[in-house]
Amino acid sequence: MKKILVANRGEIAIRVMRTAKKMGIQTVAVFSEADRNAPHVRYADEAVYIGKAPSNQSYLLGDKIIEVAKNLNADGIHPGYGFLSENAHFAELCENNNIMFIGPKSKAIKIMGSKLAAKDAVKAYNIPMVPGIDEAITDVKKAKEIAKKIGFPILIKASAGGGGKGMRIVEKENELESQMNRAISEATSAFGDGSVFIEKYVTSPRHIEIQIMADSHGNVLHFFERECSIQRRHQKVVEEAPSTILTPELRKKMGEAAINVARSCDYLGAGTVEFLMDADLNFYFLEMNTRLQVEHPVTELISGVDLVELQIRVARGEALDIKQEDLKINGHALELRVYAEDPLNDFLPSVGTLKTYKLPKGKGVRVDNGFEKGMDVPIYYDPMLSKLITYGQTRNEAIQLMLKAIDNYHVEGVQTTLPFGKFVCEHDAFISGNFDTHFVKKYYSPEKLLEQHKEEAKIAAIIALKSYLEDQQLLRLPN
Ligand code: MV4
């Protein structure tokens, strides 16, 4: 592979190009009207305009992007995350045009894009699953029978759903019919596929996922877990590796299960297998994400590998030269997603110009960033500015580094989730490791954030007063 087109924008486009450059591979950026002056455009060796700002007129135009790749003789396309990354049709289009899609084959994307197809694929592998059914259901009477067998509360899920869309919790039998009809009509309008199924509702789970990597020679490795329970409305905010609750035995079991999920769909490249874990440390396979994930850096820091480099290597047919036994967890990593969102105003996107934009730096601090001073935060895309990642020998060290890095990250012009990150890192439940996916709902409110501000202002005032009084004393000392 001599030249890679990165079909993405922002921090992830730069992240991918950084590794391509390191490997001596030429890079091509594509950009929309809104991104003419974006850092990812300048970072690339070549850059091509592909359309208007809305993503369906630019970053989602598969045909156009393939045409650019062919014109510039790019032999690979890296899709990043989001946009075309989990589009089976686009992966196929690349295959048909003799361009390496840096990701799995379209068949694996298709299987894992459907929850029911995924359940079906892993059947032969003895993967732990939440009690429930593995086929679409439309008959309410049958659904009631199944629900009674499983026991309430149950969860109705859309097969084509993702990110919590189309999910309905049912607490009692008499709610089942209306909730089921809603779920079906919601799934039909949102995904064009009304297939729904039923699972036992795990009430306070943790979200733990395993990073895997597969080559085209039958080798599949896992790179341990990421703990992603700190999320808000299915949007992750803080991720870490390793998880505080996994034992080496559980980690091994989950890793092996994840590898089997990958084998079940003949996987190639980087992938993530998501699990729910209940309070008794039972784990259940949820779904597989067939892309490089936003939170991949925490895995890179604790395992010492460059996941993008491995993606490129396996895409061009190389065999993984690492053995599972050689992989070890070293230290602890945290990631905070820095969004241009206002934590005091229901996390609404905060648009504006970055009047000040200064990143923290130092040992144990990594910032995967896509912005710079003077830029506007475009309204057309995900408002993530950067990922602030810290790494220490212990979890506590990583947390302290995160708090310091948040203080040294200066943004003016838009509100960000930085203060929210501080709230999380100072919270007892987070520090103790005793939390689940309800953390934000359970503990966070704008008032608490304001309280934290006030406390800090008070302390600052007291320190200032003390120093003032000391100065006065000195002045009065007779010499
Ligand atoms: C569940 C669940 C509880 N029980 N399935 C949410 C998104 C989708 N990936 C699956 N999700 C869940 N499935 C059963 N049987 C709870 C969730 C869930 C969740 C999962 C991971 C991270 C955050 C979450 C927040 C709310 C609900």
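Want the number for Lys363 to Thr247: 0.36 nm per residue separation, take away the alpha-carbon distance, what's left?
Details: separation 116, 0.36 × 116 = 41.76 nm, distance 2.85 nm.
Result: 38.9 nm gained on full extension.
Rounded to the nearest 0.05, what FRET efficiency do Leu403 and Ser216 give with R0 = 60 Å and r taken as the Cβ-Cβ distance? Could you check?
On the way: r = 43 Å, r/R0 = 0.72.
Computed FRET efficiency for Leu403 and Ser216: 0.85.
With equal scatterers on the alpha carbons only and no solvent term, can you work out the Debye log10 of I(q)/I(0) for region 232-308 at 0.18, 0.25 1/Å?
The Debye formula, applied to the Cα set alone, gives -0.88, -1.60.
Run through all the Cα pairs of region 161-281 and give the fraction in each 10 Å bin from 0, expressed as whole percent.
12, 32, 33, 20, 3, 0
Set the Förster radius R0 to 25 Å, insert the Cβ-Cβ distance between Glu447 and Thr356 as r into 1/(1 + (r/R0)^6), and round the FRET efficiency to 0.05.
0.40
For region 131-200, what percent of Cα pairs sit more than 18 Å apart?
Values: 594 of 2415 pairs.
Here the long-distance tail beyond 18 Å is 25 percent of all Cα pairs in region 131-200.
Between Leu281 and Thr138, how many nm apart are label points set 7 Å from Cα along the C-beta direction?
4.5 nm
Calculate, for the chain, the solvent-accessible area per residue in square angstrom, rolling a 1.4 angstrom probe over the heavy atoms of the protein chains. Working shown, then result.
Details: 21680 Å² over 479 residues.
Here the residues of the chain average 45 Å² of exposed surface.
Report the Stokes-Einstein translational diffusion coefficient (µm² s⁻¹, integer) for region 42-94, Rh taken as the Kirkwood radius over Cα pairs, at 10 °C with viscosity 1.306 mPa s. It would help to have the intermediate numbers written out before the result.
Values: Rh = 11.8 Å.
The estimated diffusion coefficient comes to 135 µm²/s.
Treat region 361-422 as a sphere of radius equal to its Kirkwood radius over Cα pairs and apply Stokes-Einstein at 25 °C in a medium of 0.890 mPa s; give the translational diffusion coefficient in µm²/s, rounded to a whole number.
Numbers: Rh = 12.8 Å.
After rounding, the answer is 192 µm²/s.
Taking the alpha carbon gyration tensor of region 3-102, what are the square roots of 5 times its eigenvalues, largest first, to the nearest whole Å?
For region 3-102, the semi-axes come out at 17, 16, 12 Å.
Let me understand the chain better: what is its radius of gyration from the alpha carbons, and its Dmax, in angstrom?
That works out to 24.0, 95 Å for Rg and Dmax.
What is the magnitude of the charge dipole of the chain about its Cα centre, with +1 placed on the Cβ of each Lys and Arg, -1 on the Cβ of each Asp and Glu, and no other charges, expressed in debye to the nearest 20? Working shown, then result.
Details: 61 positive and 64 negative charges, 59 e Å.
Using only the charged Cβ atoms, the result is roughly 280 debye.
Place +1 on the Cβ of every Lys and Arg and -1 on the Cβ of every Asp and Glu in the chain, take the dipole about the Cα centre, and give the residue among Ile77, Phe439, Ile389 whose Cα lies farthest towards its positive end.
Toward the positive end, the furthest listed residue is Ile77.
Quantify how much of the Cα-Cα distance distribution of region 181-232 extends past 19 Å, in percent.
Details: 817 of 1326 pairs.
Tail of the P(r) past 19 Å holds 62 percent of the pairs.
Between region 403-457 and region 313-355, how far is it from one alpha carbon centroid to the other, in angstrom?
Using only Cα atoms, the two centres lie 19 Å from each other.
I need the Kirkwood Rh of region 372-479: take the reciprocal of the average 1/r across all distinct C-alpha pairs and report it in angstrom. Mind showing how you got there, number by number?
Values: mean 1/r = 0.0580 Å⁻¹.
Value: 17.3 Å, from the Cα pair sum.
Suppose the Debye formula is applied to equal point scatterers at every Cα of region 69-140; what is log10 I(q)/I(0) at q = 0.24 Å⁻¹?
For region 69-140, the Cα-only Debye profile gives -1.03.
Taking all protein chains in place and a 1.4 Å probe, what share, in percent, of the accessible surface of the chain do carbon and sulfur account for?
Working: 10870 of 21680 Å².
It is 50 percent, rounded to a whole number.
Do me a favour and compute the ellipsoid semi-axes for region 261-350 from its Cα gyration tensor, root of five times each eigenvalue, largest one first, whole Å. Please list the in-between numbers first.
Numbers: eigenvalues 159, 71, 51 Å².
Square roots of five times the eigenvalues give 28, 19, 16 Å.
Wrap a convex hull around the Cα atoms of region 206-447, take a quarter of its surface area, and give that in square nanometres. Mind showing how you got there, number by number?
Values: hull surface 53.1 nm².
Projected over every direction and averaged, the Cα hull of region 206-447 covers 13.3 nm².
Find the centroid of the Cα atoms in region 185-237 and in region 17-73, then give the distance between the two in whole Å.
Each part's Cα centre sits 29 Å from the other's.
The values are calculated or read from the model by the stated rules, or taken from the named source; none is laboratory data. Here the structure is a predicted model, which is why all the values come from computation and not from measurement. Cβ atoms come from the backbone with ideal geometry, glycine included; neighbour counts cover every protein chain shown. Just the protein is used for accessible areas: all its heavy atoms, side chains included, with ligands, DNA and RNA removed. Shrake-Rupley method; radii C 1.70, N 1.55, O 1.52, S 1.80 Å.
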